[in-house]
Structure formats: structure tokens, C-alpha cells
Amino acid sequence: MPHSPDLMLKASRWAVLSVAAQLVKAVLLFGSQVVLARLLSPVDFGIVAMCVPVFSFLSIFNDLGLSQATVQRPGLTRNESNLIFWMNAGLGLTVAMAIAAVAPAAASFYGDSRVASVLVALSFVILVNSLSSQQIALLVRGIRPVPLLLIEILPVIGNVIASIATALHGFGYWSIVIGQATHAFMAGSIAWIASDFRPSWPRDLRKSIPILRFGAHLTGLSIGSFFAANLSPVLVGRLFGVIQVGLFDRAFKLVSMSYMQILAPISRIAETVLARLLDDDEQYRKAFMQIAEATLLVTLPGLLCIAIQSDAAVSLLYGPKWIDCSPIVSFFAFGSLMTPLGTVATWLMITQGRTARLLKYGLIGNVMSVLSLLVGISWGAVGVALSFAVFSIPIHGLTIWAATRDGPVSLARFTGMLLPIVGAIVAAAVAVFSLSVMANRYGLPDAVEFCGGIAIAYLTVGVALGCSAAGRRVLRDAARIREIFPRRRGLASQ
């Protein structure tokens with residue numbers, strides 16, 4: 001295991017490259033969504049959205065937390081890697097067969113035969129993913145930024161090209177499926193080429209028990225989270241039809257893509273680094289605060305702009321025919337302001353091996369999510385999004401409280417980190433809202449309003465933080481990413 005300076009050097013290089021890659025990826029994904037939204041109809045997106053709950057639920061059992069177990073385990077033998085690979089392969093085959101088996105029932109539930117054929121096609125994507133998940137997890141564990149970034153970018157390019165090309169040729173909703181399949185095949189191929197690991201027949205199956213125990217808690221939480229997250233599109237589709245679920249799906253995707261492209265890779269980096277600093281509370285705490293503050297500063301201002309300027313964002317990115325999903329986008333974005341806070345808190349529980357606690361409080365949060373759905377469903381998709389925004393505060397607040405009850409990062413330190421950032425976000429909200437009022441008054445183009453709002457949001461956050469000692473500390477912590485690069489060559493071996 002490398003010493004913390006070498007570990008942080010590798011992690012910082014990974015983080016810097018990841019941010020650059022995620023910007024490219026975000027542009028590609030947003031661009032493809034904009035183009036597809038103009039080539040396809042809400043019905044096309046609605047058909048695929050109807051398949052997502054079934055696909056997502058059974059996909060949970062495709063990994064069982066084994067990838068995170070690979071990254072988190074202090075020592076990992078070749079035999080354990082073999083065990084995990086074959087468990088993943090077996091699970092992938094089982095899940096693919098299960099998806100194909102339930103496809104007719106799902107089509108009958110929605111009253112649309114097209115759902116069955118899409119689910120059968122997606123089952124092959126599951127199988128392909130299962131055969132490369134261990135290779136990817138080992139690349140993450142070894143902090144191999146170049147192949148990981150290739151896996152992030154090249155499959156997305158393939159997805160964009162395949163989906164747009166097939167949409168132009170009139171494939172309709174199948175263009176989305178073809179894009180997903182292209183992504184899976186390309187990512188798997190790159191992972192096998194880049195990874196040195198080649199599976200052999202596993203031995204001593206008893207060693208799989210502790211690995212499965214670690215993953216079981218994460219899987220239990222994933223199952224609960226699935227029902228909390230996917231019950232909404234199921235009920236919207238069932239009660240209000242394919243067009244409403246298409247609007248609901250596009251609104252959620254617009255918001256989630258704005259921050260998940262940052263949160264997902266940074267979470268992998270944070271969990272990898274923090275798991276290796278467990279024996280040094282001070283280094284662990286410093287690394288957590290630095291990564292968490294940088295993550296919040298990158299994600300929150302953008303979400304704020306989407307929440308306040310949803311009309312301009314939807315019209316600019318999706319086109320006027322999607323304007324009905326603007327209020328859904330706005331409420332989802334306001335609710336999602338809490339998501340990065342809850343995400344960084346989960347890093348603490350995962351890296352400290354407190355997955356049982358993560359499961360316990362995560363399930364409580366999932367129950368609250370279902371309650372929010374039941375409260376809002378009477379008012380349709382807009383009501384669900386509004387209820388989501390209201391309930392997001394106690395849900396993620398509970399996660400933060402649970403994560404900071406013990407360990408190197410206390411609730412007082414976590415709150416101290418948040419207070420200056422929250423103050424800066426409030427100041428940015430006032431500035432962005434003022435710009436939107438001016439834009440509406442003077443009829444500014446959507447592109448000017450939205451792009452100007454993003455620039456003003458980030459600028460205001462920076463200025464507001466600079467006005468207080470606590471805020472300047474946050475800016476210094478975020479800027480210290482540059483200082484992690486020592487002026488020497490070479491890294492300690494893994």
C-alpha cells in the first residue's frame with residue numbers, strides 16, 4: 001500500500017483527468033440527449049422508460065456489491081478475484097434469463113407489447129456488463145486513470161454515434177437500446193484489454209463468504225433504493241400514460257446527468273483513497289474534507305441554475321415541444337441539491353466498513369421516499385417531483401447524521417464544512433433569479449439566460465466564499481488539489 005503522499009498524488013492525477021473527461025462526457029451526453037429529443041418522440045422515450053424499473057431492479061443482483069468489496073478490501077488475493085469474477089458471471093447469466101422471463105408480464109402490465117422485446121434486448125447488456133465488472137473494479141483498485149478514463153469516454157462516443165445514426169434511419173426507440181448495447185460492448189472490450197487479470201477456476205469457495213457479507217448490506221440498500229426511486233415512473237406510467245412517463249423520464253435525466261457525471265467518478269476516487277487512509281485519522285479527515293468541498297463546489301451551482309432557470313434549460317436543450325416537463329425539472333433540481341451532500345456522507349460509512357449502518361438508515365430513507373411518492377402522486381408527475389424536493393431534506397439529513405455519529409469526521413466538522421458553502425449557494429440563488437427576471441423582461445434568448453446563469457452562479461459562489469474566513473478556508477482546501485502534485489517523479493508501487 002503506498003504512503004499517503006504517493007496515494008494522494010495518484011488520486012489527484014486521477015481526479016484532475018476525471019474532471020476533464022467528465023466535462024467531455026457531459027457535453028457528449030447532453031448533446032446526444034438534445035439531438036435525440038428532437039429526433040424521437042415522448043412515446044419513444046416512454047417505452048424505454050417503462051422498461052427501466054424492471055431492468056434496474058434485476059440489475060441490482062448482477063453485482064451484489066462485489067465491485068465495491070474489491071475496492072474496499074485491504075488485501076485481495078488472486079483467488080478472491082477469481083471468486084468474484086465467477087460470481088459476477090453467474091449472476092449476470094441468471095439476471096439476463098430473469099429479465100427475458102419477466103418481459104411478457106411487464107408488457108402485459110403496461111398494455112404495450114413493445115416493452116417485452118426491449119427488455120429481452122436489454123438482457124444481453126446485463127450479461128456483457130457482468131463479464132467485465134471485475135476487470136473494471138481492479139483497475140479502480142489499482143488507480144489506473146488512463147484505462148479508466150478510456151472506459152468512461154470511448155463507450156459514450158460509441159453510444160452517441162450509434163443511437164443518433166439509428167434514430168436518423170428511423171429506428172425509433174430501438175436507437176436508444178442500440179446505443180446502450182454499443183456502450184456495454186465497448187466498455188467491456190476496453191476493460192479486458194487494459195486489465196492484467198485473467199480468470200482461472202476458483203478455489204476455496206469458503207473465502208467468498210466475507211466478501212458476500214460486505215456486499216449483502218450494499219445490495220440490501222440498493223434493493224430498497226430501487227423501489228424508492230423506480231416506483232415513481234412505474235406509477236406515473238400506469239396512471240397517466242406513456243407521454244407523461246416520457247416527460248417524467250426526460251426531466252429526471254436532464255437533472256441527474258448534470259451532477260451524476262461528476263459524482264459517480266469522484267465517488268470511486270474518494271472511496272478508493274479514504275479506504276487506504278483508515279489507519280490515519282488526520283489524513284483521512286483532511287482527504288475527506290478536501291474532496292467533499294471540491295465536489296460540492298462543482299455540483300451545487302449547476303443544479304441551482306437548472307432549478308431556477310428550468311424553462312430556459314428545457315427549451316434550449318430539448319426544444320419547445322418538451323416545455324411541459326419544465327416544472328418537473330425545476331422541482332427535481334431543487335431536491336437534488338441535497339444529493340451531493342448525502343453522497344459524500346455515504347463515503348464515510350462505506351470506507352469505514354459500516355455498511356450495516358448504511359443499510360439501516362438507507363432503508364429508513366427509502367421508506368420516506370415512498371411516502372413522498374404517495375403524497376405527490378395525486379397531482380401527477382409534477383406533484384411527485386415537488387414531493388421529492390420537500391422530502392429530500394430529511395432523507396439526506398438522516399444519512400449525514402448517521403455517517404457522522406462516530407469516526408474521524410464528526411457532525412460538527414461536517415456542518416462546519418457545509419455552512420459557508422450553503423451561504424454562498426443562497427447568494428448565488430439570488431443572483432441567478434435576478435438574471436432570470438431580467439431575461440424575461442427584456443426577452444433575452446434562452447442560451448444567453450442559461451449560460452449567463454451558470455457563469456453568474458459559479459462566480460457568485462466564489463465571491464461569497466471569499467467574503468468570510470470560513471469561506472476562504474473552503475476555497476483554499478479546494479485549491480490544494482494543485483499542491484498535492486509533488487515535484488518529483490515516480491510513485492510507490494501498489
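The values are calculated or read from the model by the stated rules, or taken from the named source; none is laboratory data. Computed from a predicted structure; not experimentally measured. Here the Cβ positions follow ideal geometry from the backbone for every residue, glycine too, while neighbour counts run over all protein chains shown. Keep in mind that these areas ignore ligands, DNA and RNA; they rest on the heavy atoms of the full protein, side chains included. Shrake-Rupley method; radii C 1.70, N 1.55, O 1.52, S 1.80 Å.
In whole angstrom, note down how far apart the Cα centers of the range 80-94 and the range 108-147 are.
Centre-to-centre distance over Cα atoms comes out at 14 Å.
Would you please give the FRET efficiency between Tyr442 and Ser378, computed as 1/(1 + (r/R0)^6) with r the Cβ-Cβ distance and R0 = 45 Å, to the nearest 0.05?
Once the sixth-power term is evaluated, E becomes 0.70.
Give the accessible surface of the range 279-405 per residue, rounded to a whole number of Å², with probe radius 1.4 Å and ligands, DNA and RNA excluded. Walk me through the numbers before you get to the answer.
Values: 4330 Å² over 127 residues.
Per-residue accessible area for the range 279-405 comes out at 34 Å².
Hey, for a label at Cys467 modelled as a point 7 Å past Cα toward Cβ, could you say which residues of the range 288-310 have their backbone N under 20 Å away?
So the set is 297-298, 300-302, 304-305.
What chymotrypsin sites (Phe, Trp or Tyr not before Pro) does the range 342-435 have in DSSP loop regions with at most 16 other beta carbons within 10 Å?
none
Give me the distance in nm between label points sitting 7 Å out from Cα along the Cα-to-Cβ direction at Leu459 and Val370, one decimal.
4.8 nm
Net charge near Ala312: determine it from the other residues with C-beta under 13 Å of the C-beta of Ala312, scoring Lys and Arg +1 and Asp and Glu -1.
Counting the neighbours of Ala312, the net charge comes to -3.
How many angstrom lie between the Cα centre of the range 285-333 and the Cα centre of the range 370-435?
So the two Cα centres are separated by 14 Å.
Per the 1.4 Å probe, what fraction of the accessible area of the range 114-207, in percent, lies on carbon and sulfur atoms? Walk me through the numbers on the way to the answer.
Values: 3050 of 4240 Å².
The value for the range 114-207 is 72 percent carbon and sulfur by accessible area.
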